[in-house]
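Structure first, commentary second.
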Amino acid sequence: MRREDIVGLDKRRVWHPWTAMQQYIDSGDPLVIERAEGARLYDADGRCFIDAGSSWWVATLGHGHPRLVAALTRQAERLAHTSLAGVTHAPAALLGEMLCEAAPPGIARVFYSDNGSTAVEVALKMAHQFWRNQDRPGKRLFVSLEQAFHGETLGASGLCGIASFTQGHAALVRDCLHVPVPLDEAGCAAAADALDRLLAERRDEIAALFLEPRVQGGAGMRIFPAEYLRRARALCDAHEVLLVADEIFAGYGRTGPMWGCDSAGISPDIMCVSKGFSGGMLPMAATLATERVFAAFFGGIDRALLHGHSYCGNPLGAAVAIEVLRVYREEQILEQAAPKAARIAEGFRRLARIPGVRRPRSLGMIGAVDLARTPSYFGATGWRVAERAQQRGVLLRPLGDTVYIAPPLSIADAELDEVLAVLEEAVAAAWGE
Ligand SMILES: *Cc1c(COP(=O)(O)O)cnc(C)c1O
């Protein structure tokens, strides 16, 4: 198909996510991606772009990793799908074992689903019913951090701390309690005190605390200290509240270690994984739990978790997710990424020299800056930078006034240097306009 035919059909039929469609149809000039390899995307005009955001944070191993393609192909020839209700298969069983081994200590059980929001939805039900099954049905409130993002289904939206994200459907959403996030070490004590007060006051009503360990992605890459995670873990224990770690973005080495929780040496009671879970190849997610959480669901069907999706534990996704874990181990993905993380840190320190650039920050394979005093998702400065970067072959998607990179962990050093150089140029140029 020719490029203009694809765009014509697209503008006639496709409703894009997070997109003002009138403007898109009137003047949008979408990239038409034809293929991808490693950290690069190739479009219908033969142009090549470095995928600096890992295609919405999923492609942690880049695109088309030969081992993942081979695992997918092998599995497709054998068994593409069967339900997981009263049925099992090798990929689901083996992945469960490998995932629990890779997870923080204490995580022992895996509930499969097929996208990040759904993994969070399962965690909400699991946490609530955990208490109900122990005759404490009053524990039905949830706490999340200010500026939290946990996905887009209605339950997950209820945890969201970013008003602009939920304004269109706020009336449908059951709200939750929010606590402040410490953005530096100095703020940790006050934030932990606030959490302590809330959990103490409402311990009979609160089921769980949800958090994105170490970095609030959707909020604009807000990084917070590991110390807060340790405090939160201790407070949840003291007040009988479950700790749910949403590792959907932070996991799989995005923040440095395998899990965001690892940097604090803590284990959650429930943990959500997706995105890097299947290396960006298939929709796949899981909600993991400790044996204690799992055991609360023993007994008759009235105590069981009555939840499940058509594609739970899909064999294709599971086969790819197994191969992802093997590639992480055998290609030493985390070890290889460490010096790249240092390059990102250095590159973002350099960016800070450009006047008007605020709050340069980095953590693992993430770097971000703000281009406004009070950054907003509806701000336009980031888009000016992204447009320039795209002209120079680097694909970014800003969060309003926040510009960030979150490239594949496997990106080559030369590609990463190119991303950083282009970004510096684009920020300086956009600022001069
Ligand atoms: C992306 C994301 C989600 C939602 O995952 P989807 O697959 O987009 O539904 C939830 N939590 C966090 C922290 C995320 O980054």
_Positions within the stretch 262-283 being surrounded by 22 or more Cβ atoms within 10 Å (Cβ to Cβ), within 16 Å of the ligand (Cβ to nearest atom) and not in a helix (DSSP H, G or I), in sequence order_ = 268, 270, 271, 272, 273, 274, 279, 280, 281
*State all residues of the stretch 216-254 that are of a type in the set (Lys, Arg) and within 16 Å of the ligand (Cβ to nearest atom); if no residue qualifies, say none.*
222, 254
*Matching helices (runs of 4 or more DSSP H) fully within the stretch 1-79 where at least 3 residues are open to solvent by 90 Å² or more (accessible area, probe 1.4 Å) and either among the hydrophobic types (A, V, I, L, M, F, W, C) or out of contact with any strand residue (DSSP E or B) (no Cβ under 8 Å at 6 or more places or on another chain) (or both)*: 3-13, 21-27, 66-78
*Determine if the stretch 80-96 includes at least one residue that is open to solvent by less than 40 Å² (accessible area, probe 1.4 Å) and of a type in the set (A, V, I, L, M).*
yes
*What number of residues within the stretch 405-419 are within 25 Å of the chain's Cα centre (by Cα) and open to solvent by 10 Å² or more (accessible area, probe 1.4 Å)?*
6
_Breaking point among (1) more than 16 Å from the ligand (Cβ to nearest atom); (2) open to solvent by 10 Å² or more (accessible area, probe 1.4 Å); (3) assigned to a helix (DSSP H, G or I), for residue 199_ = (2)
*Would you confirm whether any residue within the stretch 123-141 is within 16 Å of the ligand (Cβ to nearest atom), more than 27 Å from residue 192 (Cβ to Cβ), open to solvent by 10 Å² or more (accessible area, probe 1.4 Å) and not hydrophobic (A, V, I, L, M, F, W, C)?*
yes
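Please indicate, with yes or no, whether at least one residue in the stretch 284-296 is in contact (Cβ under 8 Å) with a residue 60 or more places away in the chain, surrounded by 19 or more Cβ atoms within 10 Å (Cβ to Cβ) and in a loop (DSSP other than H, G, I, E, B).
Checking the stretch 284-296: at least one residue is in contact (Cβ under 8 Å) with a residue 60 or more places away in the chain, surrounded by 19 or more Cβ atoms within 10 Å (Cβ to Cβ) and in a loop (DSSP other than H, G, I, E, B).
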*asked:* Among (1) more than 16 Å from the ligand (Cβ to nearest atom); (2) crowded, with 18+ Cβ neighbours inside 10 Å; (3) within 22 Å of residue 258 (Cα to Cα); (4) not aliphatic (A, V, I, L, M), there is one condition residue 105 misses while meeting the rest; what is its number?
replied: (2)
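The values are calculated or read from the model by the stated rules, or taken from the named source; none is laboratory data. Computed from a predicted structure; not experimentally measured. FYI the Cβ positions are ideal-geometry reconstructions off the backbone, even for glycines, and counts take in every protein chain you see. Just the protein is used for accessible areas: all its heavy atoms, side chains included, with ligands, DNA and RNA removed. Shrake-Rupley method; radii C 1.70, N 1.55, O 1.52, S 1.80 Å.
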